[in-house]
Amino acid sequence: MGIVAAIGVLLPFPFYWWLWTNPQSWVNLCGQGKDPSTVMARVSHVLKAAQLLSLFSVASLSWPPPLYFWPVMAFGQFLNFRVYQLLGEAGTYYGVRFGKNIPWVTEFPFGVIRDPQYVGSVMSLLACLSWVPFQYIFLWCLGYVFMMLVESKEDPSARAKPIS
């Protein structure tokens, strides 16, 4: 396993863990006038690009992809887009942890699939197994499982207070 690619795949998860467990530190670091969810989204997009570059560095792309690729990737991405559509940026990027009031959502896929964004992301990764060595997909999926466990233990008293 290429150590640089493995580090690239795992790069976002310590950041997400730190934000989830230390939301007030992030709110303070962002400062007044900066939306912590928006800043998190921007940093997350850079980290996601690093993850994707890491996967491409070890991938063997070929065309056409196997038939399973299309439905698995399509449904995985549908879940991701649907979660973002329902929660918006603040709901997707830890707004509740940063002291924002995020309404509870029950529309599909919520209430049907537990952690639908992570499930969609894992499905999208699994769709790429014909191109990317298993160990990198597995490592990335372990990161998602780790974050599902971390986020399942949300303590409302540890939420950040917005900077006034």
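A compact table of results
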read-out: Every residue from the range 101-131 that is open to solvent by less than 60 Å² (accessible area, probe 1.4 Å), in contact with a Gly (Cβ under 9 Å, 6 or more places away or on another chain) and in a loop (DSSP other than H, G, I, E, B); value: Ile102, Val105, Pro109, Ile113
read-out: Hey, Pro64 touching a Gly at 6+ places or on another chain (Cβ under 9 Å), in a loop (DSSP other than H, G, I, E, B) and open to solvent by 80 Å² or more (accessible area, probe 1.4 Å) or not; value: no
read-out: Residue satisfying all of: in the range 1-59; in a loop (DSSP other than H, G, I, E, B) and within 18 Å of the chain's Cα centre (by Cα); farthest from Lys153 (Cα to Cα) among these; value: Leu11
read-out: Count of the range 132-155 residues which are crowded, with 18+ Cβ neighbours inside 10 Å, of a type in the set (Val, Ile, Thr) and assigned to a helix (DSSP H, G or I); value: 1
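So that you can scan it fast, the table gives a plain yes or no per residue for (1) open to solvent by 40 Å² or more (accessible area, probe 1.4 Å); (2) in contact (Cβ under 8 Å) with a residue 40 or more places away in the chain:
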site	(1), (2)
Trp18	yes, no
Gln24	yes, yes
Val39	no, no
Ser44	no, yes
Lys48	yes, no
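The values are calculated or read from the model by the stated rules, or taken from the named source; none is laboratory data. Predicted model only: the values in this text are computed from it and were never measured. Reconstructed Cβ throughout: ideal geometry from the backbone, glycine too, with neighbour counts over all protein chains shown. With ligands, DNA and RNA removed, areas are computed over all heavy atoms of the protein, side chains included. Shrake-Rupley method; radii C 1.70, N 1.55, O 1.52, S 1.80 Å.
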